[in-house]
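Take a look at the structure below.
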Amino acid sequence: MTDGARDEEPRQPLVLPPALPFAAAPRAGRFLIEEDKASLWFERRSDVLIVTFDNLATIDEGWPRGPWLDRRLSDLGYSVLGVQSRAKDWYRQECAPRLLRGLEETGFFGQFRRVVLTGASMGGFAALNFAPLIPEARVLAFSAQSTMNKVIAPYERRFPFAVRKSNWEGMPYLDAAAAIPYIRKVFLLYDPFVPEDRAHAGRMAGSNVQLLRADHATHEAVRVVMKAGALAALLDDVVERDQVGAGFWRAYRARRGVGKWQRQITAAMTARRHPKLTMGACRVMLKAEDLTFARRALRQARAQVNAVAPAVLP
């Protein structure tokens, strides 16, 4: 099982940035700092820095790979710092936080008007845990786990292979919920119909946290946001307004044309036995595209309606 949070832009040939020591980082336009378990890949474009963290799906792409979301962030003009893991370990390692601390000590992050850490699932966990290392940083996390420790979060049973391969005993950085009070502002987007994601979000609620419900977006909610074309509006709200509001939600209405969301909402209506709602929704979807799951759900809904029709006749 993977978290599916892959940046699905067409692949382009990668040109590795130059390897630099920490001391040279604040003046560099591009750099790569590597250790055995993690790397920092930086591309300067503006005075807003988005720090991105790998997830299970991006690690499958192998190395070298650019920072997660780099192609999308390039189109939006943001500087990017990719914190890249070499393993599906939820960043439960010493390299990544040491690299970030070293960069902070050079004054690197102080150059930027706004710093936002972001990631999905495993990457969201890391963004939350490491945000206190960067003063005044914000976090935009998608479907983030608070921890994979079985005592703290006994409801979390996903990704068993990856979890078994990583260390979930002992601090630091064991529980993202413990980091929440030390982060300036957190934006946590999740699907409340995914029980584990709802439980994790509940553990991380706080006065500095804006919980963003993305109903029926699944654990891969970030993909629905991207496919809806709403990522730019979401980042703009976070960066420029420090509050997610109408701009994002207007853009996110386009989720109605995203296959993953369509499939999930159809399954939810079918499970709750709302045949007339299901029929109406499926007809709208089928006008735009011939979708196998929508045709199947429409047939099932019609059968349900026909089965109860005689009972209501006089």
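Go through the stretch 56-94 and give me each residue that's within 16 Å of F42 (Cβ to Cβ), assigned to a helix (DSSP H, G or I) and not aliphatic (A, V, I, L, M).
D70, R71, S74
For the subset of the stretch 87-99 comprising residues that are touching a helix residue (DSSP H, G or I) at 6+ places or on another chain (Cβ under 6 Å) and crowded, with 24+ Cβ neighbours inside 10 Å, which member is nearest to A24 (Cα to Cα)?
Filtering the stretch 87-99 for residues that are touching a helix residue (DSSP H, G or I) at 6+ places or on another chain (Cβ under 6 Å) and crowded, with 24+ Cβ neighbours inside 10 Å, the one nearest to A24 (Cα to Cα) comes out as Y91.
Here is a check on your reading of the model: is P132 modelled with pLDDT under 95 and over 16 Å from A5 (Cβ atoms)?
no
Filtering the stretch 103-131 down to residues that are under 23 Å from L56 (Cα atoms) and of a type outside the set (A, V, I, L, M, F, W, C), which residue is surrounded by the fewest Cβ atoms within 10 Å (Cβ to Cβ)?
Among those that are under 23 Å from L56 (Cα atoms) and of a type outside the set (A, V, I, L, M, F, W, C), it is T118.
From L234, L211, which residue is touching a residue at least 40 places away in the same chain (Cβ under 8 Å) and either assigned by TED's automatic domain parsing to the domain that holds F125 or hydrophobic (A, V, I, L, M, F, W, C) (or both)?
Answer to the selection: L234.
Please verify whether the stretch 172-192 includes one or more residues that are acidic (D, E), part of a loop (DSSP other than H, G, I, E, B) and buried (at least 19 other Cβ atoms within 10 Å of the Cβ).
Yes, there is a match, as at least one residue in the stretch 172-192 is acidic (D, E), part of a loop (DSSP other than H, G, I, E, B) and buried (at least 19 other Cβ atoms within 10 Å of the Cβ).
Being part of a loop (DSSP other than H, G, I, E, B) and over 22 Å from Q145 (Cα atoms) is the filter here, so list the residues in the stretch 46-55 that pass it.
Scanning the stretch 46-55 gives S46, D47.
What are the residues in the stretch 68-101 that are within 18 Å of M148 (Cβ to Cβ) and within 19 Å of the chain's Cα centre (by Cα), if any?
Across the stretch 68-101, the qualifying residues are S85, A87, K88, D89, W90, Y91, R92, A96.
What helices (runs of 4 or more DSSP H) lie completely within the stretch 245-309 and have 1 or more residues being modelled with pLDDT of 70 or more and over 23 Å from L231 (Cβ atoms)?
Counting at least 1 such residues, we get 259-271, 275-288, 292-308.
Only one of these conditions is not met by E196: (1) at pLDDT 95 or above; (2) in a loop (DSSP other than H, G, I, E, B); (3) surrounded by fewer than 19 Cβ atoms within 10 Å (Cβ to Cβ). Which number is it?
Looking at each condition in turn, E196 falls short on (2).
The values are calculated or read from the model by the stated rules, or taken from the named source; none is laboratory data. Just so it is clear, the model here is predicted, and its values are computed rather than measured. Don't worry about glycine lacking a Cβ; one is built from the backbone with ideal geometry, like all the others, and counts go over all protein chains shown.
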